[in-house]
1. Can you spot a residue in region 42-64 that is without any contact (Cβ under 8 Å) to a residue 40 or more places away in the chain and either β-branched (Val, Ile, Thr) or in contact with a Ser or Thr (Cβ under 8 Å, 6 or more places away or on another chain) (or both)?
2. For region 20-53: of the residues being among the small types (Gly, Ala, Ser) and touching a Lys or Arg at 6+ places or on another chain (Cβ under 7 Å), which is nearest to residue 65 (Cα to Cα)?
3. Going by the conditions given, is residue 151 among the acidic types (Asp, Glu) and touching a Lys or Arg at 6+ places or on another chain (Cβ under 9 Å)?
4. Condition (residue is more than 20 Å from residue 173 (Cα to Cα), at pLDDT 90 or above and surrounded by 18 or more Cβ atoms within 10 Å (Cβ to Cβ)) applied to region 39-60: is it met by at least one residue?
5. If I ask for residues that are more than 23 Å from residue 101 (Cα to Cα) and part of a helix (DSSP H, G or I), which ones from region 138-181 would you list?
6. Filter region 104-125 for residues that are surrounded by 15 or more Cβ atoms within 10 Å (Cβ to Cβ) and of a type in the set (Lys, Arg); which is nearest to residue 53 (Cα to Cα)?
7. So, of the residues in region 181-199 that are surrounded by 23 or more Cβ atoms within 10 Å (Cβ to Cβ) and among the aliphatic types (A, V, I, L, M), which turns out to be nearest to the chain's Cα centre (by Cα)?
8. Looking at region 87-103, which of its residues are open to solvent by less than 70 Å² (accessible area, probe 1.4 Å), touching a strand residue (DSSP E or B) at 6+ places or on another chain (Cβ under 7 Å) and under 18 Å from residue 17 (Cβ atoms)?
Amino acid sequence: LLQSPRALLLDLRSPLAFSSAFIPGSVNLPEFESPALLRAAELLGDRSIYLVTDSPHATDRATKFFDRFNGDMQIAGWFPGKAVEDWRAMHGAPGKIEQITADTLAVRLAAWKTVVADIRDAAAFRRAHIPDAILIPLNNLTGALAGLPVETSLSLVCEIGTLCSFAASLLWNAGYRDLAIVKGGFAAYVEHGLPLAES
């Protein structure tokens, strides 16, 4: 299924559930609440969509969204969240993305052990950001990281932590494996009174 360029596996589980274990090649779009992200990441087109979800509301939202594409994009099937465990039994370890606290991020930054990829909008980044963070727009994640070795440790931060799992799933699919999501996002970092920079 995932070998076909026309297939897209959307995992609609929560960011925490997704990051703890996911089917490699899938894209996390929690509860299908931000379908515009699919357009921003250029994932819309002539595709068959498969969903991993335990939420009837998320499935309904996805169905209504894809029904508008007149067959160019259609939901070909869905699987319960336990599909990840079934995948593990057949194929071995699933994908995993680390969740870290703002304090852990500060320690890693002080030791030069990670690069912070800030996926907030440019205006918010200019107002304040984590020192040495790089601004990575969601609509050009892999392009903005071109040339950065896939072995690089990346810590992703958004405003409150809700978009990072989407970005992390795209980066995982682009070959980056040393990924961490900052729980609570930039807001948690600020709340901990950690150093800030301005542009």
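The values are calculated or read from the model by the stated rules, or taken from the named source; none is laboratory data. Here the structure is a predicted model, which means the values were calculated and not measured. Positions of Cβ are backbone-derived with ideal geometry, glycine not excepted, and every protein chain shown enters the neighbour counts. For the accessible areas, the whole protein counts, side chains as well, though only heavy atoms, and no ligand, DNA or RNA atoms are used. Shrake-Rupley method; radii C 1.70, N 1.55, O 1.52, S 1.80 Å.
1. There is at least one residue in region 42-64 that is without any contact (Cβ under 8 Å) to a residue 40 or more places away in the chain and either β-branched (Val, Ile, Thr) or in contact with a Ser or Thr (Cβ under 8 Å, 6 or more places away or on another chain) (or both).
2. The first filter runs over region 20-53 and keeps only residues among the small types (Gly, Ala, Ser), leaving 20-21, 25-26, 34, 36, 40-41, 45, 48.
Right, trim to touching a Lys or Arg at 6+ places or on another chain (Cβ under 7 Å) and you get 20-21, 48.
Working: 20: 27, 21: 26, 48: 13 Å.
Here the answer is 48.
3. Numbers: among the acidic types (Asp, Glu): yes; touching a Lys or Arg at 6+ places or on another chain (Cβ under 9 Å): yes.
The answer is yes for residue 151.
4. The answer is yes; a qualifying residue exists.
5. 139, 140, 142, 143, 144, 173
6. Once the filter is applied, the top-ranked residue is 120.
7. Within region 181-199, the first condition is being surrounded by 23 or more Cβ atoms within 10 Å (Cβ to Cβ), and the residues that meet it are 181-182, 186, 189.
From what's left, among the aliphatic types (A, V, I, L, M): 181-182.
Working: 181: 9, 182: 12 Å.
For region 181-199, the residue satisfying everything is 181.
8. Scanning region 87-103 gives 94, 95, 97, 99, 100.
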